[in-house]
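*Asks:* Shown below is the structure under consideration.
The values are calculated or read from the model by the stated rules, or taken from the named source; none is laboratory data. A quick note: this is a predicted structure, and the numbers were derived from the prediction, not measured. Positions of Cβ are backbone-derived with ideal geometry, glycine not excepted, and every protein chain shown enters the neighbour counts.
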Amino acid sequence: MEELVLVKNKIKEFVVECDDAKSLELLDKLATGKMLRSKLILKIAGESHESIKLCAIVEMIHAASLLHDDVIDEAHTRRGSPSVNALYDNKTSIMFGDILYSKAFTELTQMDKQIAYTVSSAVTKLSIGEMLDVDLTNTFNTSYDKYFDMIYKKTASLIEASAKAAALLCGKDEDKYALYGKNLGLAFQMVDDILDITQDSKTLGKPAMLDFVEGKVTIPYLLLHERVEDKSKLESLYKKQLTEEESIWIKEQMTNTKALEDSILQAKKIGNEAIDAVKDEENSEILTFIMKAMIEREF
């Protein structure tokens, strides 16, 4: 998409304005993802000076959260490339994240007050979500409410805000688009959690089944724990480097209890609710396509 090049250029322009050579050097080291939030904003609001600016702000916020996330998770790769904390150190990663956050908020103050409030309040949720995520790795979580609260705040809140802010920018129904964005974010994270189990390490760009090793009890594990006969065996594998035999046992139990199958169905249900929210909108076709691309993947 040509518009995404404009977004990347705008991000670079913002970082150049910081007048710091190290920040520009670090920007070049950031692995670019799918820019889902920008694609969403542009599909809702179209291309304009303000929408490109909003995209750049949201992408900088997202990048900052990932820089901090990699330090928290002690991750050495991001999207298959070395992370900033691996290339430099944790301090550099945290400080560069702070620079991106601060510059994004500086630019956000120049936008419409309601848009600025929508995005900035989502970043508060995102930060709380990060903290919840860390806290949930302390013990084996069996609460669906805690899991959904965490993925809403950590992942879905910024996607929800992106969609709502884009709607505000072009005078569309903000509530419909906020619901679409929220459910897109929830489905996105659930699918990500499912793929951690179903895909191999090469496809993921990180070790497979890493979530459970890191102490993350995601939706398939919640369902599995509820249904599996040998709960103590599953609990004993929590936060443990899994042998091949143990990984196979978990996958077999996921299939036998239909925990994996039902996780996929739950993600699709949430995705279909999002499609339903915007079904009467003029751009419903492309928004449906975005959601279907998310929930109808090869598991």
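*Asks:* Residue by residue through region 252-261, note down the ones that are in a helix (DSSP H, G or I) and either buried (at least 16 other Cβ atoms within 10 Å of the Cβ) or of a type in the set (Gly, Ala, Ser) (or both).
*Replies:* Those that are in a helix (DSSP H, G or I) and either buried (at least 16 other Cβ atoms within 10 Å of the Cβ) or of a type in the set (Gly, Ala, Ser) (or both): Gln253, Met254, Ala259, Leu260.
*Asks:* While we're looking at this one, here's another question. Among the hydrophobic types (A, V, I, L, M, F, W, C) and surrounded by fewer than 21 Cβ atoms within 10 Å (Cβ to Cβ): which single residue out of Ile151, Ile94, Ile159 fits that description?
*Replies:* So the residue among Ile151, Ile94, Ile159 that is among the hydrophobic types (A, V, I, L, M, F, W, C) and surrounded by fewer than 21 Cβ atoms within 10 Å (Cβ to Cβ) is Ile94.
*Asks:* Out of the residues in region 229-251 meeting the condition of being part of a helix (DSSP H, G or I) and among the charged types (D, E, K, R), tell me which one is modelled with the lowest pLDDT.
*Replies:* Glu244
*Asks:* Counting only residues that are assigned to a helix (DSSP H, G or I) and of a type in the set (Gly, Ala, Ser), which one in region 38-70 is farthest from Glu13 (Cα to Cα)?
*Replies:* Applying the filter and picking the extreme gives Ala45.
*Asks:* If Asn85 meets every condition in (1) farther than 19 Å from Gly33 by Cβ; (2) in a helix (DSSP H, G or I) apart from one, which number is that one?
*Replies:* Against the list (1) farther than 19 Å from Gly33 by Cβ; (2) in a helix (DSSP H, G or I), Asn85 comes up short only on (1).
*Asks:* Among the residues of region 88-110, what is the count of those that are in contact with a helix residue (DSSP H, G or I) (Cβ under 8 Å, 6 or more places away or on another chain) and assigned to a helix (DSSP H, G or I)?
*Replies:* The qualifying residues number 15.
*Asks:* Quick one: in region 32-59, which of the residues that are in contact with a Leu (Cβ under 7 Å, 6 or more places away or on another chain) and of a type in the set (Ser, Thr, Tyr) is nearest to Ala165 (Cα to Cα)?
*Replies:* The selected residue is Ser51.
*Asks:* Here's another thing I want to ask about it. Of all helices (runs of 4 or more DSSP H) completely enclosed by region 124-213, which ones contain at least 1 residues that are touching a Lys or Arg at 6+ places or on another chain (Cβ under 7 Å)?
*Replies:* Hits in region 124-213: 157-170, 174-198, 210-213.
*Asks:* Right, next: Can you name the residue in region 262-299 that is over 17 Å from the mean Cα position of the chain (by Cα) and β-branched (Val, Ile, Thr) and, of all such residues, is surrounded by the most Cβ atoms within 10 Å (Cβ to Cβ)?
*Replies:* Per the criteria, the residue is Val278.
*Asks:* Okay, moving on. Of the conditions (1) buried (at least 16 other Cβ atoms within 10 Å of the Cβ); (2) within 19 Å of Asn256 (Cα to Cα); (3) at pLDDT 95 or above, Thr198 clears all except one; give me its number.
*Replies:* (3)
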